[in-house]
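J.: Quick one: structure below, then a few questions.
The values are calculated or read from the model by the stated rules, or taken from the named source; none is laboratory data. Keep in mind that what you see is a predicted model, and the values were worked out from it rather than measured. Cβ placement follows ideal geometry from the backbone for every residue including glycine, while neighbour counts extend to all protein chains displayed. All accessible areas refer to the heavy atoms of the entire protein, side chains included, with ligands and DNA or RNA removed. Shrake-Rupley method; radii C 1.70, N 1.55, O 1.52, S 1.80 Å.
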Amino acid sequence: MGDALRSQEVGTLRPDGNVGTRTKRYGGLERASGAQKYVADLEFPEALQVAIVTIPVGCADILGVDTAEAEAMPGVVGVLTAADLPSPMPRFGVSHKDRPVMADGRVNFYGEPVAAVAALTQEQADAAARVVKVDYRELPGVYTLDAALAPGAHLVQDPSDPTKRAGDALRETNVIEEQTIAWGDLAEQEAKAALVVEDSYSYPMMTQFPIEPLAVIAEPTDVGGLTLYTPVQHPYLMQRIVAGLVGKTLGQVHVIAPDPGGGFGGKQIPKYEPLMAFLALKLGRTVRLTLNLAETTTAIRRAGATVHARTGFTSEGDIVFHHVRIDYQIGAYADVAPRVMTKGSYVGGGPYRLPACLIEARAVLTNTPVSTAMRGYGAPQISWATESQITDGARRLGLDPARVRLRNLVENGEEFVKGEFAGKADGEWKQAVEKAMELAGWDDPLPPNRGRGIAVGIKSSATSGLSQSLVRLLYDGSAIVYAGTSDMGQGARTIWAQTVADELGVPLEKVTVISGDTDLVPFDLQTSASRSTVFMGTAVLRACRDVRRQVREMYAERVGVEPGELDDEPGAVLTAEGAVALDEAARIGLGALRGEVLGQGTCRLEGRKGHPLGGDASFYEFNCSISEVELDAGTGQFVITRHVSVSDVGTELNPIQVTAQEEGGAIMGIGQADMEQLVFDEHGRLLNPSAIDYRVPTYKDVPLELFTSAVENHDGPGPYGSKGMSEGPILCTGAALGAAVTAAAGVKITDLPLTAERIWRATRAAAEGAIA
Amino acid sequence: MSVGTGSLVTVTATINGETRTFTVPGHRTLLDALRSELGLTGTKSSCTEGECGACTVMLDGHAVNSCLVLAAEVDGHEVVTIEGLSVDGGTDLQQAFLEHGAVQCGFCIPGQVMSAEYLLSHNPDPSVEEIRDALSGNLCRCASYNRIVEAVRQTAEKRVSTRG
Amino acid sequence: MVTYYKAHAVADALEVLGRKDVDARALLGGTDLLVGLDDRLDSAPGVVVDLKGLADETPLAVEDSGVRIGLTVTMADLVANPTVAAWYPALVQAAGVVGSVAIRNRATVVGNICNASPASDTAPALLVHGANVRIASADGERVVPISEFFVAPRVTTCGRGELVTAVELPRPVPGTGSAFQRLTRRWGVDLATVSVAAAVHGDGRIQLGLGAVAPTPLLVDLPAGTDLADRAVLDPVLDEALAVATPISDIRAAADYRTAMVRELAARALQAALDSTRRTQA
Ligand code: FES
Ligand code: FES
């Protein structure tokens, strides 16, 4: 197929071009000066403000909802309850259409909407929401993995409900999906092992914590349609889901997605948008929901996990087998979590040459808020365990943990997942490890109380995708590129502007990038899995080349030569007499009627049936991280004295953006390793939604020295040999930091986060054990 | 004394150099008043509890969290927001943010710029440690921290050297 | 419905704060009051009494006999004063870590103690500095030692119709040293999991102020003349003195960890206080 993802047309960097340089962020000045309009900054003077009604438990049958008093409150225009929605309750989802627009007779997680109140002001809506009387009976919900997997556990999803689990062999359990990946003979390999490391690990639930909270505006249109303003990463998915729910065509549902103020995966799948769509249609009015950070924390999170692992090593440090069982705590509805489980566990053996491996993974429903995508997807959870196993094995064998990794790491092209759906290394991954070791001063001796740890991580990128782009070369030599990728901080717009500028020879400041509007911009599947550089990047590149081809043909016709006699290159049509600047050639070609040249580009990758990932990964993100800590043994606190993160990015299209994303990923990974966790009580209530008790890294939590670097071999499938990036540095941060703490404290920690209290407790237990 | 029966307050304040008068409910925060009454949406709302710094503005020359100030309190005082600090083409500090890749999603950035300008206003040549201390009330989830520190350092150096 | 009222004098503020028909709250820096104000006040008629424009308020006053911290003095004001820094190192160290820069530009010392959080940063320091709290009411003024000021979490002896107008610190006797230590979950802006202030007074008294280990901040006296440099002597003394700490387990830490940490921080704070004595003497 002509629009398939191929790597042979990627082009090479121009020495005088914009791609490959530290081009300043497109839209950066607007952001720095406060002019950028995020969703909350859009003005809708007529909009009603919305407050969501919830109950203070995680699992309950709803016996009645009395809205009479609320409806009589000043300023209240309308209240939406489940009774206002079609019956059966409309449900949505990606793989499982299991999530109701609002609680359907039963609240399945803390924060699930029971009603929504629309009033003239936010104060009025909040006041009225407080007097909506919800009569409920609390149920013995399952709030932990242990509770959900216990025999006779309360089932989060009713097995008799035909809309959900019908025909599902697992329907009498809380396991929504499971996956097993296996190769080799574990028992045979175990016989060769000089050491078997066995341990259990846990990875807590966390939240994306975008500084821009969630917000939605739903506006009925004059022609019976609906416009939704929401800062989502996947406007086209939003359009499809909402149109399906409210029974409109795609063309009637217009999604405007202003650039998100951070997403990190949390702004992909609809949350409140379906409810807001129904509310707007019921009232015939524009309605607006604006959450704060704490409310956002309640609404989006990453899956926690528990892992059990057994790993065998020879005395030289060869890994002979790895057996890992992982349960992801996904929450009350599927969202994308089954895929988080399958993708995360696929790489559960790590990037190693393993003669035998068994990975058993389950996605488990609990009565907790719905987990969704987050930077790293399901990989950080399993890498925490797998990499800690390798560190432990090396330590107990008295071997250098970096060299054990180098010894077992697959070569470029070698399989790290074997069998029918093999996964192969697509880069020189050892180079990343060697570079990290060099930057970290791996072999330099450390003073007492210091420790160093290393880990590696991989994540499979998108396994299917479709991105379409339009590029218009205008008569005056300026250009507009339409690309549906959401620019949520990763700098997508900058990369498209750089690409168009180079391919068409247009000055950077004359390129406009349009995105985030389903009426204006052609289809893009989604902004996720660090896919955009590769997929949308290729579509943009092809659209530019389509423009060039058309200019060449138009020019040839005007000057009366065969198009075959001409050629084109970035920014020029090549004639026998020499190069003609592309904009000049376009003007000649367009002639007196002027007009413009409209190029189109598509990039498509079809999935593969039966593949655990849904298809072969278009590339892998590989990262090596090394942490160095100084421990305060008296309190268990530590300072990260140095942290190094090296990723294989193929080609850096914009080195300063790569640095920012790499540092950002590393710091987020550090926060997740040393302080972040969502804590629920025995009623399923989230105890720390507020930023006061959900701690994220500040300036002072950044490592004293933070070095990031990229391996560039121009071997990626994306434009100019690039690969996607920005998730790499978060994949194995936990394990690197954990290993550093172990080296400094002399104890192994198996649960994240690495709080001072946890380290203090472990060292004290070890000391007491030593005395006893 | 009269506490007043109505809950509305009329406030007259100097906002970005201009005298502005507006009427708000007594409990309306400065943050909400700036954004909805005065149309100054450059100041961002996130945690609304003084934890993130996205809403930082200058009140009588001091950086404050506008989500923790009542609009009524600024009557007779002077407020400067990110809009009041910006010039066409960006200030040297804003340009330094761009050069150093400090602007990612950008949502926290107006607050970061305000806090950084406040720091430079009383400590023109801060060390890296002083910058980290002074800005640690401004969260950036994109974690542009080191990028911002570089931008502030560079701006300080340039400003100090041009002042001679 | 919240009414904003700007008081112009102490008597005026007292009158409004004493009214029984409204829920009146004093507003200083607002850094505690305004968090969730809507949720707490909008069902009842509330009055927020802004105290930042009192004609008869006392600012930060440094006298030979000590320092008076008036009700509008912010953490930033306090930290910037060189005499305060020289005389009360523990207080300045504590005030310097309250919230962020923007918080410290607003948060006041008086507001901080009136909020009476068990985890207040300044309270342990004020305890070891021997602070007195001046409380005004329509009937006149009373002065309460800060060790008697805190009653329970969020409750002080300052009742309805009363107003704390200043915190007064006696000038330390020569040879006094003090220091503040706290434990937090991250290195930037955080609430204390445990905090300890220590003072080694020039007259031989040794005191500890403890935060976040009991319903109220605690003041503990160690036997005068305890050899702080000798852990073999100090440890049993600390064990006995710190038995008053009754920490709880919460989202920030478990009780046993707090118990261990208050001891660890006490030893460190005492050492630092001793060092600061030596510095002043040198
Ligand atoms: S919104 Fe004011 S500090 Fe977060
Ligand atoms: S740039 Fe995104 S939060 Fe700071």
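J.: Can you list residue pairs whose Cβ atoms sit under 7 Å apart, with the first residue in segment B:47-70 being basic (Lys, Arg) and the second being outside any strand (DSSP E or B) and within 14 Å of ligand 2 (Cβ to nearest atom)? Count only pairs 6 or more apart in sequence or on different chains.
T.: none
J.: Still on this structure: Go over the candidates A:Leu291, A:Leu237 one by one and state the one that is within 14 Å of chain B (Cβ to nearest Cβ), open to solvent by 10 Å² or more (accessible area, probe 1.4 Å), under 30 Å from A:Gln661 (Cα atoms) and of a type in the set (A, V, I, L, M, F, W, C).
T.: The unique qualifying residue is A:Leu291.
J.: Among the hydroxyl-bearing types (Ser, Thr, Tyr), modelled with pLDDT under 95 and more than 16 Å from C:Leu163 (Cβ to Cβ): does that describe C:Thr31?
T.: In short, yes.
J.: Then there's this: Considering only segment A:173-222, state which residues are under 19 Å from A:Pro258 (Cβ atoms) and in contact with a helix residue (DSSP H, G or I) (Cβ under 6 Å, 6 or more places away or on another chain).
T.: If the condition is that a residue be under 19 Å from A:Pro258 (Cβ atoms) and in contact with a helix residue (DSSP H, G or I) (Cβ under 6 Å, 6 or more places away or on another chain), then A:Pro213, A:Leu214, A:Ala215, A:Val216, A:Ala218 are the ones that fit.
J.: For A:Ser618, work out the one condition from (1) at pLDDT 95 or above; (2) polar (S, T, N, Q); (3) in the same structural domain as A:Gly665 (by TED's automatic domain parsing) it doesn't fulfil.
T.: It fails just one condition, (1).
A quick yes/no check of all residues on (1) open to solvent by 20 Å² or more (accessible area, probe 1.4 Å); (2) of a type outside the set (S, T, N, Q); (3) not in a strand (DSSP E or B):
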position: A:Val142; (1), (2), (3): no, yes, yes
position: A:Gly152; (1), (2), (3): yes, yes, yes
position: A:Val156; (1), (2), (3): no, yes, yes
position: A:Pro159; (1), (2), (3): yes, yes, yes
position: A:Asp168; (1), (2), (3): yes, yes, yes
position: A:Glu177; (1), (2), (3): yes, yes, no
position: A:Ala193; (1), (2), (3): yes, yes, yes
position: A:Val197; (1), (2), (3): no, yes, no
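J.: Go through segment C:220-234 and count every residue that is open to solvent by 60 Å² or more (accessible area, probe 1.4 Å) and in contact (Cβ under 8 Å) with a residue 24 or more places away in the chain.
T.: Counting residues in segment C:220-234 that are open to solvent by 60 Å² or more (accessible area, probe 1.4 Å) and in contact (Cβ under 8 Å) with a residue 24 or more places away in the chain gives 2.
J.: Moving to a separate point now. Checking the conditions here, which among A:Gly244, A:Gly312, A:Gly261, A:Gly317 is modelled with pLDDT of 95 or more and assigned to a helix (DSSP H, G or I)?
T.: A:Gly244
J.: With the requirement that a residue be among the hydrophobic types (A, V, I, L, M, F, W, C), part of a strand (DSSP E or B) and open to solvent by 30 Å² or more (accessible area, probe 1.4 Å), what does segment C:1-28 give you?
T.: Once the filter is applied, which keeps residues that are among the hydrophobic types (A, V, I, L, M, F, W, C), part of a strand (DSSP E or B) and open to solvent by 30 Å² or more (accessible area, probe 1.4 Å), segment C:1-28 yields only C:Ala26.
J.: Against the definition (away from every other protein chain (no Cβ under 14 Å), in a strand (DSSP E or B), touching a residue at least 12 places away in the same chain (Cβ under 8 Å) and open to solvent by 20 Å² or more (accessible area, probe 1.4 Å)), how does C:Asp203 come out, yes or no?
T.: Considered against the rule, which asks whether it is away from every other protein chain (no Cβ under 14 Å), in a strand (DSSP E or B), touching a residue at least 12 places away in the same chain (Cβ under 8 Å) and open to solvent by 20 Å² or more (accessible area, probe 1.4 Å), C:Asp203 comes out as no.
J.: I've got another one for you. Please tell me if A:Ala462 is in a helix (DSSP H, G or I), away from every other protein chain (no Cβ under 14 Å) and not polar (S, T, N, Q).
T.: no
J.: Does B:Ala134 qualify as being more than 7 Å from every other protein chain (Cβ to nearest Cβ) and closer than 17 Å to C:Arg104 by Cβ?
T.: No; evaluated as a whole, the condition is false for this residue.
J.: Of everything in segment A:619-662, what is open to solvent by 10 Å² or more (accessible area, probe 1.4 Å), in contact with a helix residue (DSSP H, G or I) (Cβ under 6 Å, 6 or more places away or on another chain) and within 14 Å of chain B (Cβ to nearest Cβ)? Give them in sequence order.
T.: A:Glu652, A:Leu653
J.: Any idea which of (1) within 21 Å of the chain's Cα centre (by Cα); (2) part of a helix (DSSP H, G or I) is the one A:Ser726 doesn't satisfy?
T.: Of (1) within 21 Å of the chain's Cα centre (by Cα); (2) part of a helix (DSSP H, G or I), only one is false for A:Ser726: (2).
J.: Still on this structure, I have one more. Taking segment C:259-275 on its own, how many of its residues are surrounded by fewer than 21 Cβ atoms within 10 Å (Cβ to Cβ), more than 14 Å from chain A (Cβ to nearest Cβ) and touching a Pro at 6+ places or on another chain (Cβ under 9 Å)?
T.: 0
J.: When the residues of segment A:1-46 are filtered to those that are modelled with pLDDT under 95 and of a type in the set (A, V, I, L, M), which remaining residue is most open to solvent (accessible area, probe 1.4 Å)?
T.: Applying the filter and picking the extreme gives A:Met1.
J.: Restricting segment B:22-36 to residues that are more than 11 Å from B:Ser66 (Cβ to Cβ), surrounded by fewer than 23 Cβ atoms within 10 Å (Cβ to Cβ) and within 12 Å of chain A (Cβ to nearest Cβ), which is nearest to ligand 1 (Cβ to nearest atom)?
T.: Looking at the filtered set, the residue picked out is B:Ser36.
J.: Pick out the one residue from A:Tyr333, A:Tyr377 that is in a loop (DSSP other than H, G, I, E, B) and open to solvent by 10 Å² or more (accessible area, probe 1.4 Å).
T.: Going through A:Tyr333, A:Tyr377 in turn, just one is in a loop (DSSP other than H, G, I, E, B) and open to solvent by 10 Å² or more (accessible area, probe 1.4 Å): A:Tyr377.
J.: Sticking with this one: Going through segment C:235-258 one residue at a time, which ones are exposed (fewer than 14 other Cβ atoms within 10 Å of the Cβ) and in contact with a helix residue (DSSP H, G or I) (Cβ under 6 Å, 6 or more places away or on another chain)?
T.: Of everything in segment C:235-258, just one residue is exposed (fewer than 14 other Cβ atoms within 10 Å of the Cβ) and in contact with a helix residue (DSSP H, G or I) (Cβ under 6 Å, 6 or more places away or on another chain), namely C:Ser249.
J.: Let me ask something else about it. Are any of the residues in segment A:488-503 more than 14 Å from every other protein chain (Cβ to nearest Cβ), of a type outside the set (D, E, K, R) and outside any helix (DSSP H, G or I)?
T.: For segment A:488-503, residues more than 14 Å from every other protein chain (Cβ to nearest Cβ), of a type outside the set (D, E, K, R) and outside any helix (DSSP H, G or I): absent.
J.: Could you please find all residues in segment B:51-99 being within 9 Å of chain A (Cβ to nearest Cβ), within 14 Å of ligand 1 (Cβ to nearest atom) and in a loop (DSSP other than H, G, I, E, B)?
T.: B:Glu51, B:Cys52, B:Ala54, B:Thr81
J.: Does A:Arg362 meet the test of being surrounded by fewer than 22 Cβ atoms within 10 Å (Cβ to Cβ) and either touching a strand residue (DSSP E or B) at 6+ places or on another chain (Cβ under 8 Å) or at pLDDT 95 or above (or both)?
T.: No.
J.: Go over the candidates A:Val711, A:Val696, A:Val702 one by one and state the one that is within 30 Å of A:Thr499 (Cα to Cα) and in contact (Cβ under 8 Å) with a residue 12 or more places away in the chain.
T.: A:Val711
Conditions (1) touching a residue at least 60 places away in the same chain (Cβ under 8 Å); (2) open to solvent by 20 Å² or more (accessible area, probe 1.4 Å), marked per residue:
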site	(1), (2)
A:Thr538	yes, no
A:Ala543	yes, no
A:Asp546	yes, yes
A:Pro563	no, yes
A:Thr575	no, yes
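Yes/no per residue for (1) away from chain C (no Cβ under 14 Å); (2) small (Gly, Ala, Ser):
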residue	(1), (2)
A:Tyr110	yes, no
A:Ala129	no, yes
A:Tyr136	yes, no
A:Gly141	yes, yes
A:Asp146	yes, no
A:Gly152	yes, yes
A:Arg171	yes, no
A:Ala194	yes, yes
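J.: Run C:Ala197 past the list (1) touching a Gly at 6+ places or on another chain (Cβ under 6 Å); (2) among the aliphatic types (A, V, I, L, M); (3) within 12 Å of chain A (Cβ to nearest Cβ) and report the number of the one that doesn't hold.
T.: (3)
J.: Of the residues C:Ala94, C:Ala102, C:Ala116, C:Ala107, which is touching an Asp or Glu at 6+ places or on another chain (Cβ under 7 Å), small (Gly, Ala, Ser), in the same structural domain as C:Arg258 (by TED's automatic domain parsing) and open to solvent by less than 20 Å² (accessible area, probe 1.4 Å)?
T.: Exactly one residue qualifies, and that residue is C:Ala94.
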